[in-house]
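Please treat every number below as a calculation from the coordinates, not as lab data. Just so you know, these numbers come straight off a predicted model, no measurement behind them. Ideal geometry is used to build each Cβ from the backbone, glycine not excepted, and the neighbour counts take in all protein chains shown.
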Amino acid sequence: MRCASGTFKGLPYRVTHRMPGVIGSYGNPRTIQLGISVDNRLDVSFLSILLRGEDLKPKSLPWKVSVNSVNITREYKPQILVSLEGVTYALQVFDVSQIIKEPGKYLLKLSAETSKAVEILSVSLVGVEQVQDTEIAMDYYSGVLVLKKNEKYVFTHPREGLELGVDIVAEVPSKTSEVAVVCGEEVVISQLIGVSEISLKKLQASQEHSCSVELRRSDVPKPLVLSDLLVYRPLTPTPQVFLEASLISNKEILVLVRNEGVSRLSKALVVVLSEGRVLSRNELRDLKSGDAVEVRLASPEVLVGREIYVRLIYSDIWGQNIKTIKLKT
């Protein structure tokens, strides 16, 4: 089921709790609480919950989900039910854009009054984190897809954009299983077991605008179960950063940072290191395209004659980046 599709201003956002617990039956709690911290405002947000149990039909399982004490459902109405070898997978997805949007901490409560055990396999919050001067094309799918060995699922990716990112939440049958994701180039993932997150970045988008996922190899008869699929392409290039540093006294360094790209450089941190120890650090203001900033970093120790490194740490759509230069002392 496609939950979101189109062009958004910001970055893809995902937080997944894997195997958070079992509710119902003897000895298990009736309620599980999960915390999620949101650092920036979210444009859209979806809560996806994957369960497994013997009988997950709506009439059999009184179910309650709340976010910060706001009930988002009063009875269990799964949108997708899939039976497999005596157990049932159920997935429910909620549009929580009006509830989870501002930065802060959110408390999720999952409750069920049932005499049979229900496994909560994954709980994911997926959306778009608002970031100035950054734009993406994104498709988000949520459901239950069962793939036996050598079965392939083909999905499309956005036609416009730069490199490709693919995030998948899946239950992998065994550690020897090999999952192949093909998006123009092939990536084979192994050494995963149970509910796992597969995150692929900077893939070359295919001319056919399609990708595939396949359980290529497994030594057990169990299938691969996919529940969440996020595919995106940035429409804005990543920041291009110039970094320069010079020693201006025995204990002080002048650092120049310039944004030579077209997108904003946000939440950048400059760090001075010696022998693996941090001697000084400074968080920079946001830099628009063409902006530059000079910062003076004071060290508690004499820097002359030592190996000193200046490191710039910043994030873009693909995650954390590090640029390091060696200082002439």
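Among ASN250, ASN40, ASN259, the largest mean-square fluctuation in a Gaussian network model of the chain (Cα springs under 10 Å) belongs to ASN250. For VAL131, the residues whose modelled amide H falls within less than 5 Å of its own, excluding neighbours fewer than 5 places apart on the same chain, are GLY10, LEU11.
Near the amide H of ILE189, within less than 5 Å, lie the amide hydrogens of VAL179, ALA180, VAL181, all on another chain or at least 5 residues away, with H placed in the peptide plane.
In angstrom, the C-alpha Rg and Dmax of the stretch 62-214 are 17.9, 52. The ranking of SER218, SER190 by Cβ neighbour count inside 10 Å, starting from the fewest, reads SER190, SER218.
As a rough footprinting exposure proxy, the listed residues ASP291, ASP139 were ranked by other beta carbons within 10 Å of their own, and the order from fewest upward is ASP291, ASP139. Can you tell me which of VAL220, VAL181, VAL231 moves the most in a GNM of the chain? Springs connect C-alpha atoms under 10 Å apart. The residue with the greatest mean-square fluctuation here is VAL220. Loop-located GluC sites (Glu not before Pro) in the stretch 66-118 (DSSP state other than H, G, I, E, B) with a sparse environment of at most 10 neighbouring Cβ atoms within 10 Å: GLU75, GLU85. For the stretch 241-327, the normalised intensity computed at q = 0.22, 0.23, 0.24 Å⁻¹ comes to -1.02, -1.10, -1.17 (log10 of I(q)/I(0), Debye sum over alpha carbons, equal scatterers, no solvent). For the stretch 49-118, the Kirkwood hydrodynamic radius comes to 13.1 Å, computed from all pairs of different C-alpha atoms.
Residues whose amide H comes within less than 5 Å of that of ILE317, counting only those at least five positions distant or on another chain, are absent (H built at 1.01 Å from N in the peptide plane). Loop-located chymotrypsin sites (Phe, Trp or Tyr not before Pro) in the stretch 243-329 (DSSP state other than H, G, I, E, B) with a sparse environment of at most 15 neighbouring Cβ atoms within 10 Å: TRP318.
Using the count of nearby Cβ atoms within 10 Å as a rough guide to exposure, how do MET19, MET138 rank from fewest to most?
Numbers: MET19 13, MET138 25.
Ascending Cβ contact count within 10 Å gives the list MET19, MET138.
Leaving out same-chain residues fewer than 8 places away, which lysines sit with a Cα under 17 Å from that of LYS323? Output for LYS323: LYS267.
Here the stretch 222-316 is assigned +1 on the Cβ of each Lys and Arg and -1 on the Cβ of each Asp and Glu. Its dipole about the Cα centre then comes out at about 220 debye. For the chain, the ratio of Cα radius of gyration to the globular rule of thumb 2.2 N^0.38 Å stands at 1.18.
Judged by a Cβ-Cβ distance under 4.7 Å, the unpaired cysteines of the chain are CYS3.
Between the stretch 14-48 and the stretch 217-284, what is the separation of their alpha carbon centroids in Å? Rounded to whole Å, the Cα centres lie 28 Å apart.
For the stretch 70-155, the convex hull spanned by the alpha carbon atoms encloses 152 Å³ per residue. GNM remark for the chain: springs join alpha carbons under 10 Å apart, and the peak mean-square fluctuation among ASP39, ASP95, ASP228 falls on ASP39. Restricting the stretch 1-76 to chymotrypsin sites (Phe, Trp or Tyr not before Pro) that sit in a DSSP loop and have at most 11 other Cβ atoms within 10 Å of their own Cβ leaves TYR26.
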